[in-house]
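Written below as C-alpha cells is the structure these notes are about.
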Amino acid sequence: MGVRVEPLPETVEALRELTRLGDETIARTLLRISRAVEGLVPEIVGVSLSLVEDELTFTMTATTGPVAQLDGMQYLGGGPCEETLKTGVAHAYRAGDVVDEDRWQLFARATAAAGVESTLSLPILRDGVVAAGVNLYASTSDAFDGHHEELAEACGAWAGGVVKNADLDFTTRFQAAETPDRLRDETLVDHAVGALMSRFGLSMDAAEARLRNAAQRAGISDAQMAQAILGLLIETATPDIDDDVSDH
C-alpha cells in the first residue's frame, strides 16, 4: 500500500480560511479525491487542484514540498497541467519521453529531481469551459496505466461543487504564507530573479512577476519557489545562497 498524501501547510492555511468564511466544500472534496486516488494508484505521491479563475492551487503531498514546486515549474516554463488548462484535454507525462522533455525542460528536470516518474493532468469543465485541473504525481512510470477513466470519474464527481464555491479572495492566504525570516527570503528571491533573467532573457520586472505568479499559483511561498529555481538553474551558488537554501 502506498503512502498517504496530506495537505501542505500552506494548503491547510488556505482551507482554514475557507472554513472560517463558511465554505468547507473544497476541504471535503480535496480530501475525498485524494483518498480515492490513493486507492486507485498506490504509487501516488501528490495531488493538486488548480483553479483557473482565481489562479489558486491546493496541494496534497506525501513529501515535504516538491510536488507544489513541480506545479510552480509548469507555470514558469510549461507542462502537462498548463496544457490541460489551456486545451481542456487530459495530458499524461512519463519520465524519459523525449518529446515532452524537450517541450517542458524545466518541468522534466524538476520531476526527475523530485523522484516523480509520471504525471496525469485532468480538466474539470464548467459549461464547456475549463474551470480547474487536477494534477496527479506518481513515483513509477506506469502508475496511471489503465486507470485514466476511473481517475477522471473520481475527479468529475466533485468538480461542480468545487467550482461553484471557489470564488473567494485569498490575498490574505498568500500573505500568511510568508516566512518569518523575511530578509533571507528576499535574498533568495533576488538571486532567483537574476537566474530567470539570464535563462529566459527577461527584464527584472518580468522575471519577478513570473516567479511570484508561479509561487502563488503553486500554493507555496516566493522563497520556496526561488529555492527550487536556484536548485535547477544554478549548478554552483555563492556561500550566502547555500546558507539561505539550507535554512529553508
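Looking at region 1-12, which of the residues that are touching a helix residue (DSSP H, G or I) at 6+ places or on another chain (Cβ under 7 Å) and at pLDDT below 85 is surrounded by the fewest Cβ atoms within 10 Å (Cβ to Cβ)?
For region 1-12, the residue satisfying everything is R4.
Just for region 13-61: of the residues that are part of a loop (DSSP other than H, G, I, E, B) and farther than 16 Å from A218 by Cα, which one is modelled with the lowest pLDDT? Explain how you work it out, then say what you get.
Pass one, region 13-61, residues part of a loop (DSSP other than H, G, I, E, B): 21-24, 41-43, 52-55.
Checking the rest, the ones that are also farther than 16 Å from A218 by Cα come to 21-24, 41-43.
Working: L21: 70, G22: 76, D23: 75, E24: 81, V41: 92, P42: 90, E43: 90.
Once the filter is applied, the top-ranked residue is L21.
So which of G88, G128 ends up being without any contact (Cβ under 8 Å) to a residue 24 or more places away in the chain, out of contact with any helix residue (DSSP H, G or I) (no Cβ under 7 Å at 6 or more places or on another chain) and not hydroxyl-bearing (S, T, Y)?
Details: G88 fails: without any contact (Cβ under 8 Å) to a residue 24 or more places away in the chain.
None of the others qualify; the one that does is G128.
Among the numbered conditions (1) of a type outside the set (A, V, I, L, M); (2) free of Cβ contacts under 8 Å to residues at least 60 places away in the same chain; (3) under 24 Å from A110 (Cβ atoms), tell me where E24 comes up short.
All conditions pass for E24, except number (3).
Identify all residues within region 100-119 that are surrounded by fewer than 23 Cβ atoms within 10 Å (Cβ to Cβ) and part of a helix (DSSP H, G or I); write none if there are none.
D100, E101, D102, R103, Q105, L106, A108, R109, A112, A113, A114
Inside region 135-215, counting only helices (runs of 4 or more DSSP H) that do not spill past its ends, which hold 1 or more residues that are hydroxyl-bearing (S, T, Y) and at pLDDT 90 or above?
Values: elements: 148-164, 171-176, 182-200.
In region 135-215, 182-200 are the helices (runs of 4 or more DSSP H) which contain 1 or more residues that are hydroxyl-bearing (S, T, Y) and at pLDDT 90 or above.
Taking the residues in region 76-99 that are assigned to a helix (DSSP H, G or I) and in contact with a strand residue (DSSP E or B) (Cβ under 9 Å, 6 or more places away or on another chain) as candidates, determine which candidate is modelled with the lowest pLDDT.
Applying the first criterion (assigned to a helix (DSSP H, G or I)) to region 76-99 yields 76-77, 80-87, 98-99.
This time we only want the ones that are in contact with a strand residue (DSSP E or B) (Cβ under 9 Å, 6 or more places away or on another chain), so: 80-87.
Working: P80: 80, C81: 76, E82: 80, E83: 82, T84: 82, L85: 80, K86: 81, T87: 79.
Once the filter is applied, the top-ranked residue is C81.
The values are calculated or read from the model by the stated rules, or taken from the named source; none is laboratory data. All of these numbers come straight from a predicted model, not from anything done at the bench. Virtual Cβ from ideal backbone geometry, glycine too; neighbours counted across all protein chains shown.
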